[in-house]
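Each value in this text was obtained by applying a stated rule to the coordinates, not by laboratory testing. The structure displayed is predicted, hence computed values, not measured ones. Every residue, glycine among them, receives a Cβ derived from its backbone with ideal geometry; neighbour counts consider all protein chains shown.
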Amino acid sequence: MSENLKNIEKLQDALTRIDSSENVIYFLCYDTKGNARAAVKHIYDMALILKESGQNAKILVEDNKYGGVDTWLDEKYNVLPVVSIKDDKIEIKIDDVLVVPEHYSNVLEQLSNVRCVKVMLVQQKEYMFETLSVGARWSDFGFDKAITTTESTKDYIMEYFPESLVHIIPPIIEDFFVETDKPSKPYIAISSRDRVKHRKLISEFYLKYPQLRWVTFRDMVQMSNTEFADSLKECFVGVWMDDESTFGTFPLECMKSGVPVIGKIPTTEPDWLSENGMWTYDENKLVELLGTFCLAWLEGAELEAEVKDKMKDTLLPYQKDITKNNVLNVFNSFVSKRKESIVTALEKLTTKEEETV
Amino acid sequence: MKNITVILPVHKVDDDYKLMLENAVSTVKDFHNDVKLLIVAPSKIKKQLSEIELGNKLEIIYEYHNSDSNFCNQINVGLQKVDTEWFSILEIDDEYQKTWVKLMTEYTKEYTDVDVFLPIVKDVDKEGNFTSFTNESLWAYGFTDKQGYLDNEVLLEYQNYQISGGLYKTKTIVDNGGLKDNIKLTFGYEFLLRLTHNGVKILGVPRIGYRHVNFREDSLFWRYKNDDSIKLSENEVKFWLETAKKEFFYTNKREINAIEN
């Protein structure tokens, strides 16, 4: 069989796989070692949405040592097959889609010869260049599409990789984050990427407000997602410190739980930032803001209806259905564009073959 | 329907007390839909008391007694007259926080197995400046067996809880006995020890519900510290603490001296 005929056959197979939804959408994912990570949940959410709509979505991991997400994500995610690069010797085909988080920029070069649809996933813009060779562009390795979570990150990506086609898919703020009608408890939910800052804030708070030493800080780590939601809704306030945050899931989860948020505005301002919380650019002001809020809460102060409404409005774009449609549209467009290219290539090869005959 | 009776003991009426009474009652007026006020006072001040205009919005009941006007027995006299599911104790120089009824309604609705709710008490000096909180420690992590709830074991080690401003289920307190008027200084402590010993659930409400003036001149506790006629020495204070720890096993008061002898 001629090389041309072999290629025609390959392309026809690819078309058949696309038409029967057998082509695979791989999501490269890192091991959180049992810790809950919003970024990994977003990956699993996108994969699950595709899987549930009949697409062949798979989680791609480095090796069989991958710890999985069973300890902190719902069992509904168990339907997602997990395949390993090293142990399963997977063969990525031209009709497949490969989504690579910015975390894995160091493997882009190794993936340059893979001819599938290649998509960068940027959830932490600060990590974009961390492992990418200096001066390298994603498109050098065939990554001409990107998914990110915010408008501002899209703008940032377009500034440095203007050749990229960037889609925005914000994470889902789950419906298990619900307001409780029970009275709040004197617990402060604290979410800080930097453990040193986390400890510093608590120490400063207890020193500055010794009369509030009985108020408990709840460290919102090492919990399953539902434990996290149950724990959060009991708190009377949430404190957020995460300078590297790109999206800012925690404040939105607070808002959905009806918990007021006090936060340090990160380096990249979240798209949703408005008068929906108590925000400061100055980290040193956090303790005072928190102390003032605590004392007012103790005296019986409640959030104004206007702020509550703003909190609710903020959440509107992050509903499950909106994200679901968004994910399906974006990935359908990736696949249909690939199908178009395959059809075009197939036509060319067929014409060439006919001419040869 | 009014579901709470506030017992307010009054033992004398002079210009200062009149002002304090008016102020204390004014903090209850906002609760007139949910609360009735029961003023317990000795018969000898009936006339003076009747001359004080306390408004007509609030349902006020006067209960006069002939015995000496001891705070504990005034509460007990009041307790016998309470016909609502819940009652509270208001001291004449104290105030409820505006949110008190709202708080108590929220908590009684949610914690249906609890019989006593103790709000955080904001202690102030006579100028009204904040000095400390009381009852807040119930919510300190790891302090009590169950966060938010008072237990007997903790109470045996740590005495500083305020019973005024609390909300009490009337039947439970009647069944467990009122305040013991023969226990000086630590009658509130003995009362809480007794309740926790008998398995009554006491929950701290983690919001300020009551404002208490610490050591107001002429208050009972000020007099225990400063009035030569009833002043307590350090040893006597210890004695009353120990007495409370011995007496909480008994529903009714016993002869204290007899026990010591």
Please provide three numbers in whole Å: the alpha-carbon extents of chain A along the principal axes, with the largest listed first.
-> 91, 40, 40
For the range B:122-181, with the dipole built from +1 on Lys and Arg beta-carbon atoms and -1 on Asp and Glu ones, taken about the Cα centre, which of B:Thr172, B:Tyr161, B:Gly142 lies farthest toward the positive end?
-> B:Thr172
Place the peptides B:23-33, A:103-113 in order of packing, highest mean first, counting for every residue the other Cβ atoms within 10 Å and averaging per peptide.
-> B:23-33, A:103-113
When the Cα centres of the range A:1-69 and the range A:184-201 are compared, how far apart do they sit, in Å?
-> 37
Rel. contact order, % - alpha carbon contacts under 8 angstrom, at least six apart, chain B = 21
For the protein assembly as shown, just the Cα set please: Rg and Dmax, both in angstrom.
-> 34.2, 126
Once you charge only the Cβ atoms, +1 for Lys and Arg and -1 for Asp and Glu, what is the size of the charge dipole of the range A:1-146 about its Cα centre, to the nearest 20 debye?
-> 140
Among A:Cys235, A:Cys254, A:Cys116, which comes first, then next, by fewest other beta-carbon atoms within 10 Å?
-> A:Cys116, A:Cys235, A:Cys254
At 222 nm, what helix-only mean residue ellipticity would chain A give, in deg cm²/dmol to the nearest 500, using -39500 (n - 2.57) for each DSSP H run of four or more?
-> -12500 deg cm²/dmol
Output the peptides B:88-100, A:171-183, A:44-56 sorted from most to least packed, where packing is the average of other Cβ atoms within 10 Å over each peptide's residues.
-> B:88-100, A:44-56, A:171-183
What residues of the range A:338-357 lie in the reach of a label at A:Ser2, counting those whose backbone N is under 14 Å from a point 7 Å from the Cα along Cα→Cβ?
-> A:348-357
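Quick check for me: using +1 on Lys/Arg Cβ and -1 on Asp/Glu Cβ, what's the dipole size of the range A:185-317 about its Cα centre, in debye to the nearest 20?
It works out to roughly 500 debye.
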Can you give the mean number of other chain Cβ atoms that lie within 10 Å of the Cβ atoms in peptide A:210-218?
-> 4
Going from the fewest other Cβ atoms within 10 Å to the most, one would list A:His42, A:His167 as A:His167, A:His42
Neighbouring partner chain Cβ atoms per residue of A:180-192, average, 10 Å criterion = 3
Cα→Cβ-extended label distance, 7 Å offset, between B:Lys225 and B:Phe143, nm | 2.0
Long-range share for the range B:4-260, i.e. C-alpha pairs more than 23 Å apart as a percent of all pairs, stands at 50
Picking from A:Pro186, A:Met120, A:Thr150, whose Cα lies most toward the positive end of the charge dipole for the range A:113-248 (charges on Cβ: Lys, Arg +1; Asp, Glu -1)?
-> A:Pro186
FRET efficiency, 1/(1 + (r/R0)^6) with R0 35 Å, evaluated for A:Glu75 and B:Thr172 via beta carbons | 0.20
Among the listed pairs B:Lys2/B:Lys180; A:Lys154/A:Lys312; B:Lys122/B:Lys246; B:Lys98/B:Lys180; B:Lys12/B:Lys46; A:Lys10/A:Lys339, those beyond 19 Å (Cα-Cα) | B:Lys2/B:Lys180; A:Lys154/A:Lys312; B:Lys122/B:Lys246; B:Lys98/B:Lys180
Of A:Val69, A:Gln55, B:His65, which is farthest on the positive side of the dipole of the protein assembly as shown, counting Cα position, with +1 on Lys and Arg Cβ, -1 on Asp and Glu Cβ, and the Cα centre as origin?
-> B:His65
Could you name the aspartates and glutamates in cross-link range of B:Lys171, using Cα to Cα under 13 Å and dropping any fewer than eight places away on the same chain?
-> B:Asp83, B:Glu85, B:Asp115
Let me have the 222 nm mean residue ellipticity of chain B computed from DSSP H runs of 4+ only, each contributing -39500 (n - 2.57), with the sum over all residues rounded to the nearest 500.
-> -10000 deg cm²/dmol
Using alpha-carbon positions, what is the distance between the centroids of the range A:289-333 and the range A:143-164, in Å?
-> 25
Partner chain Cβ atoms within 10 Å, averaged over the residues of A:293-299 - can you pull that number for me?
-> 3
Give, rounded to the nearest 20 debye, the magnitude of the charge dipole that chain B has about its Cα centre when Lys and Arg contribute +1 at Cβ and Asp and Glu contribute -1 at Cβ.
-> 500
Counting Lys +1, Arg +1, Asp -1, Glu -1, what net charge surrounds A:Lys86 among other residues with beta carbon under 11 Å of its beta carbon?
-> -2
The FRET efficiency for A:Asp175 and A:Ala305, from their Cβ-Cβ distance with R0 = 25 Å and rounded to 0.05, is 0.65
